[in-house]
Amino acid sequence: MSNEIDFDEILAKYRSDPYNYIQVRAPHTGVINYRVDKGQAVDAPSGEWQHIPGTTLFEITREKNRKPLCSPITGIVSELKAELEGCFVEAGEKLMTIRYPLKKKDIIENILKEVLYLFRAPEKAKYFFALDVQSRIDKKGARSVIIKPGDEILTMSLMKRDTPVYYAGEEGVIHSVYFEPGISVDQGEPLIGVCGADKVPLIQKVITRVKAEWDNI
Amino acid sequence: MTSTVGLTAARLRSYCRDVELPARRSGPLGRAADEIMRYGAFVGSVIERHKRLERAMLLAREQIAVRERAGESVVSGTTIIADSLTGSRGRFARSWHAPPGGLWGTLVVVNTLLPPSFRLLPMVAGIACCEAVRDYCPAATVRWINDVLIGGRKVGGFLCESFIGEGSGEEFCLIGFGINVNNESFPEELRDDATSLSLAAGTAVDLSEFGCRFLAALTFNIGLLYYHEDHVLGQRIDAGAAHPLLLRWRELSDSLGRSVVYGFDVISRPQYRAVVTGIDNEGGLCLTLTDGSRIVEHSGEIRYLM
């Protein structure tokens with residue numbers, strides 16, 4: 001991570017396009033039937049446990065098994081490949097794009113995700129900190145806990161089988177925690193963001209600057 | 001009778017051949033039981049008995065590490081048993097009372113299964129225990145994922161942990177088991193929630209005999225994971241059909257239709273109440289909340305509300 005961050009460039013990028021875009025792809029092969037149109041507003045999952053599904057985006061049918069796929073976010077369908085309606089598609093085929101406006105918190109998180117080392121979920125599962133790490137966090141706070149490669153930092157829980165997760169990344173402090181115990185994390189999603197202890201002031205500077213600047217945008 | 005001194009690998013092999021296999025042949029899978037038992041035959045291939053251990057899981061980890069440093073590998077199916085454990089614990093560092101009289105130990109399984117089969121391994125432990133307990137007490141049931149209950153009280157619990165060998169990178173699943181067989185007194189905090197097989201059956205149980213039955217049931221049910229995987233890959237079974245292990249779990253469980261409280265750590269942090277409506281084809285628990293919405297959980301635990 002560089003010690004120099006061009007704040008003006010980063011903020012200019014967000015000023016010119018204050019949105020994030022999610023590409024929605026076919027999860028597996030099958031025939032596509034859309035349930036939304038281009039420009040339509042869609043809703044994210046809701047409810048205390050995020051258990052009420054979001055707007056149904058499309059259905060995919062494989063071997064007579066019809067599966068609805070729902071929006072993971074609240075936004076607008078900004079692009080839709082209408083020509084694929086009723087067609088058989090391969091896994092990973094891009095079907096639509098959902099655009100949603102960024103909030104100040106999202107921008108800070110996005111910038112931090114660019115400057116922190118992100119340790120990602122190896123599998124879709126629920127995660128919690130290893131007992132030793134959790135007790136250090138409880139005593140001193142996450143940003144005082146230094147972790148290094150090979151440390152057992154997390155436990156992955158799936159079907160009541162606990163798997164230790166060993167840290168692989170640069171040594172540093174746990175700056176950001178992206179998971180909550182008891183809430184499933186998808187494979188590849190970040191679990192924690194880590195930065196070198198000497199970089200913490202720089203990170204704070206990023207946050208302060210964005211907080212101040214974004215109000216003026 | 002209250003010791004595991006008679007629980008040896010040789011006795012287990014005899015039991016599997018003379019008792020378990022004929023019984024399984026007369027079950028729904030018929031002659032396929034022969035192939036299934038062969039797949040699971042590694043279970044208990046080595047049985048180590050100890051008078052007292054801190055935790056069998058710790059010893060299993062040490063043995064894997066020591067063997068790997070020597071350029072060797074722990075035998076898959078190694079079973080470490082102790083008459084009592086002094087530092088046993090359940091999930092989230094909950095204490096587990098393991099005095100003489102119970103069956104306490106760890107089974108080491110080298111993971112050679114594909115992920116869809118491997119994820120069912122914790123369910124296998126509950127099914128095998130429930131089957132063995134039912135030989136003495138037919139009222140035993142399984143609570144999702146693998147708690148074994150008699151009359152709503154826990155008689156058997158399992159702690160499954162994956163462990164990656166430092167040298168080989170090989171993945172082991174350590175299945176820690178704790179089954180209250182002849183131990184009849186429990187600490188105050190467990191008294192309302194725990195029971196033992198001897199309390200339920202009204203008589204002491206031969207611990208070695210019970211151990212044989214449990215390991216033989218594990219042999220069959222772990223073998224079933226391999227058998228099913230082989231037959232799906234060989235396209236001799238429809239991959240979309242329900243796994244026979246899940247069918248068996250449904251037969252043994254009393255979770256379906258129950259009002260429950262769910263939590264990732266349900267004791268210290270209960271999350272919500274729901275009704276269990278089924279399990280999906282991956283073993284996930286299907287729950288319906290009071291507002292009618294549905295959730296499928298693949299980890300965490302439940303407690304029955306009534």
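The values are calculated or read from the model by the stated rules, or taken from the named source; none is laboratory data. These numbers were taken from a predicted model, which means no experiment stands behind them. Neighbour counts are summed over all protein chains in view; Cβ atoms, including those assigned to glycine, are modelled from backbone coordinates with ideal geometry. For the accessible areas, the whole protein counts, side chains as well, though only heavy atoms, and no ligand, DNA or RNA atoms are used. Shrake-Rupley method; radii C 1.70, N 1.55, O 1.52, S 1.80 Å.
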- Amide H proximity to A:Arg25 below 5 Å, modelled H, separation 5+ or other chain, gives A:Leu95
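Over all distinct Cα pairs, what is the inverse of the mean 1/r for chain B, reported as the Kirkwood hydrodynamic radius in Å? Before the final figure, lay out each step's value.
Numbers: mean 1/r = 0.0507 Å⁻¹.
Roughly 19.7 Å, rounded to one decimal.
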- Quantify how strongly other chains surround peptide B:292-304 by giving the mean number of their Cβ atoms within 10 Å of each of its Cβ atoms. 4
- Please work out whether segment A:19-101 counts as rounded, prolate or oblate from its C-alpha gyration tensor, where a ≥ b ≥ c are the square roots of the eigenvalues and a/c under 1.5 means rounded, while otherwise a/b larger than b/c means prolate and anything else oblate? oblate
- Item | q = 0.10, 0.13, 0.18, 0.23 Å⁻¹: log10 I(q)/I(0) that the Debye formula gives for segment A:104-214, counting C-alpha atoms only | -0.29, -0.49, -0.90, -1.32
- Message: Report, in listed order, any pair from A:Lys67/A:Lys126; A:Lys113/A:Lys205; A:Lys160/B:Lys154; A:Lys148/A:Lys211; A:Lys113/A:Lys199 with a Cα-Cα distance greater than 21 Å.
- Response: A:Lys67/A:Lys126; A:Lys148/A:Lys211
- Message: Net charge around B:Phe172, counting only other residues with Cβ within less than 10 Å of its Cβ (Lys, Arg = +1; Asp, Glu = -1)?
- Response: -2
- Query: Given only helices, namely DSSP H runs of n ≥ 4 each adding -39500 (n - 2.57), what is the per-residue ellipticity at 222 nm of chain A, to the nearest 500 deg cm²/dmol?
  - Reply: -6500 deg cm²/dmol
- Using Cα-only point scatterers and the Debye equation, what is log10 of I(q)/I(0) for chain A at each q in 0.09, 0.10 Å⁻¹, rounded to two decimals? -0.48, -0.59
- So the carbon and sulfur contribution to the accessible area of the protein assembly as shown, 1.4 Å probe, in percent, is 50 percent
- Please work out the Cα center distance from segment A:20-60 to segment B:150-216, rounded to the nearest Å. 44 Å
- Message: Please list, ordered by chain and number, the residues whose modelled amide H lies under 5 Å from the amide H of B:Ile47; skip anything fewer than 5 residues away on the same chain.
- Response: B:Ala9, B:Thr79
- Roughly how big is the B-A contact, given as buried accessible area in Å² (both sides, 1.4 Å probe, nearest 100)? 2300 Å²
- Task: Give me a single rounded figure for A:159-171: the average over its residues of other chain Cβ atoms within 10 Å of their Cβ.
- Result: 6
- Could you grab the relative contact order for segment A:19-101? Cα pairs under 8 Å, six or more apart, rounded to a whole percent. 44 percent
- Item | Buried on assembly, segment A:117-132 (at least 50 Å² less accessible surface than by itself, 1.4 Å probe) | A:Lys126
- Message: Loop only by DSSP, 15 or fewer other Cβ within 10 Å of the Cβ. Give me the trypsin sites (Lys or Arg not before Pro) in segment B:167-269 that pass, ordered by residue number.
- Response: B:Arg191, B:Arg236
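So if we plug the beta-carbon distance of B:Asp206 and B:Ser293 into 1/(1 + (r/R0)^6) with R0 = 35 Å, what FRET efficiency do we get, rounded to 0.05?
Efficiency, from the Cβ-Cβ distance: 0.10.
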- Note on the structure: Mean accessible area per residue over the protein assembly as shown (1.4 angstrom probe, all protein chains present, square angstrom) is 46 Å²
- Note on the structure: Residues other than B:Leu21 with Cβ under 12 Å of its Cβ, Lys/Arg counted +1 and Asp/Glu -1, net out at +2
- In debye to the nearest 20, the charge dipole size for the protein assembly as shown, taken about the Cα centre with +1 at each Lys and Arg Cβ and -1 at each Asp and Glu Cβ, equals 720 debye
- Note on the structure: In terms of the alpha carbon gyration tensor, root eigenvalues a ≥ b ≥ c, rounded if a/c is under 1.5 and otherwise prolate when a/b exceeds b/c or oblate, segment B:45-143 is oblate
- Message: Just checking the output field for A:148-154: average partner chain Cβ neighbours within 10 Å of each residue's Cβ?
- Response: 0
- Item | Share, in percent, of DSSP beta bridges within the protein assembly as shown that are antiparallel, nearest 5 | 90 percent
- Query: Which whole-angstrom value gives the distance between the alpha carbon centres of segment B:88-132 and segment B:1-47?
  - Reply: 18 Å
- Spin-label proximity, A:Ile137 to segment A:47-70 - amide N less than 11 Å from point 7 Å beyond Cα toward beta carbon: none
- Task: Would you mind working out the magnitude of the charge dipole of segment B:255-304 relative to its Cα centre, with +1 at each Lys and Arg C-beta and -1 at each Asp and Glu C-beta, to the nearest 20 Debye?
- Result: 220 debye
- Message: Give me the percent relative contact order of chain B, please, defined on Cα pairs under 8 angstrom at least 6 residues apart.
- Response: 19 percent
- Query: How much length is gained if the chain between A:Lys148 and A:Gln23 is pulled fully straight, taking 0.36 nm per residue apart and subtracting their Cα-Cα distance, in nm to one decimal?
  - Reply: 41.6 nm
- Item | For segment A:82-131 and segment B:240-265, distance of Cα centres in Å | 31 Å
- Message: I need the phi-derived Karplus couplings for segment B:205-222: 6.51 cos²θ - 1.76 cosθ + 1.60, θ = phi - 60°, integer Hz, Gly and Pro marked x.
- Response: 10, 5, 5, 5, 4, 4, x, 4, 4, 5, 5, 5, 5, 5, 4, 5, 6, 5
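How would you classify segment B:255-304 from its alpha-carbon gyration tensor, with a ≥ b ≥ c the square roots of the eigenvalues: rounded for a/c under 1.5, else prolate if a/b is greater than b/c, otherwise oblate? Don't skip to the end; give the middle numbers.
Working: a/c = 1.66, a/b = 1.22, b/c = 1.37.
Oblate, because a/c is 1.5 or more while a/b does not exceed b/c.
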- Query: What order, most packed first, do the peptides B:273-281, B:192-200 have when packing is the mean number of other Cβ atoms within 10 Å of each residue?
  - Reply: B:192-200, B:273-281
- Mind ordering B:293-304, A:143-154 by average Cβ neighbours within 10 Å, highest first? B:293-304, A:143-154
- Per residue of segment B:41-49, in order, report the coupling 6.51 cos²θ - 1.76 cosθ + 1.60 (Karplus, θ = phi - 60°) as ³J(HN,Hα) in whole Hz, putting x for Gly and Pro. 5, 6, 5, x, 5, 10, 10, 9, 10
- Around B:Ser208: net Lys/Arg minus Asp/Glu count, Cβ-Cβ under 13 Å: 0
